[in-house]
Structures are given as structure tokens and as C-alpha cells.
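Have a look at the structure below, then the notes.
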Amino acid sequence: MTKVAVFGTGSWGTTFAMILTEAGNEVTMWGRRAEVTEAIDRDHVNPDYLPGIPLPAALRATTDPERALAGADFVVLTVPAQSLRPNLAAWRAHIPSGAVLVSLMKGIELGTTKRMSEVIHEVAEWPQERVAVVSGPNLAREIAQRQPAATVVACTDEQVAARLQAICHLPPWFRPYTNPDVIGVELGGAVKNVIALAVGVSAGMGMGDNVSAMLITRGLAEISRLGAALGADAHTFAGLAGMGDLVATCTSPLSRNRTFGENLGRGMTLAEVVAATKQTAEGVKSCESVLELARKHDVEMPITEVVVGVVHDGMSPAEAGTLLMSRSPKPERYGL
Ligand SMILES: NC(=O)c1ccc[n+]([C@@H]2O[C@H](COP(=O)([O-])OP(=O)(O)OC[C@H]3O[C@@H](n4cnc5c(N)ncnc54)[C@H](O)[C@@H]3O)[C@@H](O)[C@H]2O)c1
Ligand SMILES: O=P(O)(O)OC[C@H](O)CO
């Protein structure tokens, strides 16, 4: 039986651990707080992140990283992106040398502008061919309620991607596709959060579907331009980890990023929105690292720029809208 360690007992970590367990793997979760790991292990619930969802009885959870990692074939990492580096540094000594490290995280590291797979490669000193990424339109709560979903499993080693695909394939509930384009799959997941903040702000201001469609479509153009500069495959952005995740996140009331933006658009202050947000909205921090990455590569990302302005630099949502709409007119395929 394949052994999997899942690090992070938040909504996506717990949901993915459910899928892996029901697909027949031996799964142990690691979490920081004993009350959460005990509830998962003993009562088969995660009241903090997935209230009301029964978890499989075979799913184990512990606060001891060494115990979670013992004999693991796959190590799934799903803590907030900005906390990965120090956490992984503390865990790496106990990771079995043949394991595949898997990122479920959708963020870009502040300061370094690194993608999560790059942070894993660097901190764990792990070969790229055994670092994989899972990303797609995967709103955790819908999947935990057993609605069907598809995702993308990316790894430069296609055999490793196929092994990971096999252990998380759970018909008729969860359908993973493989893709060797790790850069594109990660960028799609991280940057869509920034665009979802923008769509949320516009919805909070009372704007309608034309504005959402404009931001989603021009957001995809921004993601594609950044991807081209970083060596991603353009086809990835037309797939589940690109367009798919962008649409799901920008349109769903379940999205923490869209909801965060909506609250800002309604006129709440940043401090009020942060206080009202109980789960990780990665775009709030990653908008700054995405913009820094774009500037390093001389890529124009006007929506990302105004999101940084509104979230971090005191720009009003109305000013942001005016700035975007007053840019010089261009052909639609400009810069693509
Ligand atoms: N929730 C979703 O629908 C979803 C879907 C796909 C991908 N993701 C991505 O998965 C990642 C995790 O998201 P989530 O939704 O599970 O988040 P969450 O907010 O639901 O849970 C985060 C987990 O990390 C823990 N945590 C917080 N700070 C930590 C720290 N400093 N060190 C260690 N642990 C810490 C929390 O206790 C919690 O267990 C994010 O990058 C997110 O973008 C989420
Ligand atoms: O709730 P969000 O905004 O973090 O989005 C969740 C997932 O990434 C959707 O695929």
C-alpha cells in the first residue's frame, strides 16, 4: 500500500487527504494544533476547516512530523505559501530519501519570487524530477461534499506524474490529468488568486458580469504573458490549471480571494477584511511577489499592479478602475 504524509490540516489538505485515503492509500496528516489532529484521528471530523463533513475512519493525524513522515512514498505540502520555507527546513531531516514531494500550494514566495516547487527543491535539496504540483479548479468545500472535480498533476518526470495521478484518481469523484509543464501549472494557480481579488473588488463595488468577464479575460492575458517570459507552455493556460481555475476562483462565492476582494470593494478597510478572513487568501501576499516577478522579467501586468495598489498602497477601488480603463488603447493580442 502506498504511504502518504499530508502536511497541513486546512481545508484543502484535509480534502485531499480524504481523496487519497478513499483511493486506498495509507494517509497520515500532520497539523500544528493537537485539538485539530485529535478531532481528525479520533472523531473523523475537522470542525475548524470542514465542519459537518465526515472524514474516513482510516485517516490518521498527528502533531509529530517524524511519525507522519515514517515510510512515506509521497509527502504532500499544503501549508500557507509564505510559511513553507521555515516549516520544510524543520521537516526535511525526517523525509524518506526516495519520497516524492508534492505541492498543493498556490502562492509565490515574498522576497525571492520563487514558485513553491522551487522553494521545495532549494530547501529540501530534492531533485526536480521528484517534486510535483497539483493545481486546478478545486474549491475544497465542493470536493469535500463529494461533487466531481478535475485537477492537474505536474512533474517534469512524466512517470512520477503518472504515479501521483494513479494514487489520487478516485472515480467518479476526482479526476487528475498530467502535464509536464510545472512552471505553467504553478503560475496559473498563484496568479489567478490575484485576478480573483480584482474580480471580487469589482463585484463589491456593484459592478456586473461585463466587468468580471473583462477582468477574467485580460487576467488570463497577464498570466499568459508572465508564463511566456518564464518558459511555460502556452497550452497550459487554456487548461484546467489556467482558465479552469481562473473561472472557478473568480466566480465562486466559496473563493477566499474573491471574497477578500469583495469586502474591500464594499468599502471595508484592509484591517477589517483581514480580521474577517479566517482562512488563507494567498493572493493578498502573493500579489506583491507576482508583481515583483513580472517587473524582473519586464512583463506588463496592469491588473496585478492595481490589486497591489488597492490591497497594500491605499489606492481606492474607484481609482483602480479608472486607471485600468484609461490605459492607452491597444490591439487585443498586444504583448501576447
Ligand atoms: N481551500 C481550497 O479550496 C484550496 C484549493 C486548492 C489549493 N489551495 C491552496 O492550498 C494551500 C493551503 O490552503 P488551505 O485552503 O488548506 O488553507 P487553510 O487556511 O484552510 O489552512 C491552512 C493550514 O495551514 C496551517 N497553518 C497556518 N499557518 C501556518 C504556519 N505558519 N505553519 C504551519 N501551518 C500553518 C493552518 O493551521 C491550517 O491547518 C494554499 O496555498 C491554497 O491556495 C486551497
Ligand atoms: O478559496 P481560494 O480563493 O483560495 O481558491 C481555492 C482554490 O484555489 C480554487 O481552485
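Some values worked out for this structure:
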{"item": "Members of the range 266-309 found to be open to solvent by less than 30 Å² (accessible area, probe 1.4 Å) and away from ligand 2 (no atom under 15 Å from the Cβ), listed by number", "result": "289, 291, 293, 294, 299, 301, 302, 303, 304, 306, 308, 309"}
{"item": "Selection count, the range 143-155, where residues are over 18 Å from residue 106 (Cα atoms) and surrounded by fewer than 21 Cβ atoms within 10 Å (Cβ to Cβ)", "result": "4"}
{"item": "Hey, residue 232 part of a helix (DSSP H, G or I) and of a type outside the set (D, E, K, R) or not", "result": "no"}
{"item": "Of the criteria (1) without any contact (Cβ under 8 Å) to a residue 24 or more places away in the chain; (2) away from ligand 1 (no atom under 13 Å from the Cβ), which one residue 296 fails", "result": "(1)"}
{"item": "Filter pass, residue 163 being part of a strand (DSSP E or B) and either more than 25 Å from residue 100 (Cα to Cα) or open to solvent by 50 Å² or more (accessible area, probe 1.4 Å) (or both)", "result": "no"}
{"item": "Lone qualifier among 283, 227 - being over 19 Å from residue 319 (Cβ atoms) and away from ligand 1 (no atom under 15 Å from the Cβ)", "result": "227"}
{"item": "Test: residue in the range 19-36 that is assigned by TED's automatic domain parsing to the domain that holds residue 139, within 16 Å of ligand 2 (Cβ to nearest atom) and of a type outside the set (Lys, Arg)", "result": "yes"}
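The values are calculated or read from the model by the stated rules, or taken from the named source; none is laboratory data. Model, not experiment: these values are computed from the prediction. Note: ideal-geometry Cβ built from the backbone for every residue, glycine included; neighbour counts use all protein chains shown. Remember, those area values only see protein heavy atoms, side chains included, never the ligands or the DNA or RNA. Shrake-Rupley method; radii C 1.70, N 1.55, O 1.52, S 1.80 Å.
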